[in-house]
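**Student:** Below is one structure. I have some questions about it.
The values are calculated or read from the model by the stated rules, or taken from the named source; none is laboratory data. All values derive from a computational prediction rather than experimental measurement. Methodologically, a virtual Cβ is constructed for each residue, glycine included, from the backbone with ideal geometry; neighbour enumeration extends over all protein chains shown. Accessible surface is based on the protein model in full, side chains and every heavy atom, while ligands, DNA and RNA are left aside. Shrake-Rupley method; radii C 1.70, N 1.55, O 1.52, S 1.80 Å.
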Amino acid sequence: MSINDMFANESVGRTSRRELLRSFAIAGAGSAIVIAPWSEALTALQRQYADAPVTLRRSRESRDLSRDRFQSAEIAFAGTEAGFFRRHVRTTLHQAGAVAKLALCAYLLDVGFSDAWNAEHIRQDIAKALAYANATGFGLDCPDMARLAVILTPYWKWGYPHLIGDPPMDDGGFSPDQVCLLIRALLDRVHDVTGHARLATADQRNTTIAS
């Protein structure tokens, strides 16, 4: 299945989210509490994970921080796309986990989660971050990405050397190239739904590939 196939039916969800968030003013010194049709889904997730309740509040500060996290994710992933960290799948998974956390937290910040709440409750749990994102309109219902998120959780485990006698770790059968394809799709999705500008290096890369 191609990346285009993964997202073929998601344009409606993306548009409705943008229309919803467009109705909330973001003032320089003010903020807007988001009362959205996501309340039931959020409540269910908080019960599942035993997390503290969260009030979604959009602000200029959270929007700026969201953009910084997204661009940090792009920077962190640039080396992997260039061929670094792809010799062994363990190294690729470790780097992918760090990038996925930055990208998903960028989305959560943009939709109104606070940075403090993310730090306390998301930590290195990529599967949870993806679940909260999808519960608030992210719309990335890709089975392979969901499976990768589980493999990446917690991503610190992939950064430790595998010693003789250690039990084998489940890499899900992913190859480095497959991991990179999915993480690129994740970054593209965050870009699409938040509208955050890509870095110049990312724009240049895409132009080169297109030509």
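**Student:** Return the distance in nm (one decimal) between the two label points of a simple spin-label model at Gln124 and Asp141, each offset 7 Å from Cα along Cα→Cβ.
**Tutor:** Output for this residue pair reads 3.2 nm.
**Student:** Right, here's the next one. How much accessible area does Tyr107 have with a 1.4 Å probe, in Å² rounded to the nearest 10?
**Tutor:** Taking all protein chains as shown, Tyr107 has close to 0 Å².
**Student:** Also, I was wondering about something else. So how exposed is Asp115, as accessible area in Å² (1.4 Å probe, rounded to 10)?
**Tutor:** 60
**Student:** For His94, His88, write out the residues from largest to smallest accessible area, computed with a 1.4 angstrom probe and no ligands counted.
**Tutor:** Values: His94 70, His88 115 Å².
Largest accessible area first, the list is His88, His94.
**Student:** Points 7 angstrom from Cα along the Cβ direction at Arg198 and Ala41: gap in nanometres?
**Tutor:** In this crude spin-label approximation the distance works out to 2.6 nm.
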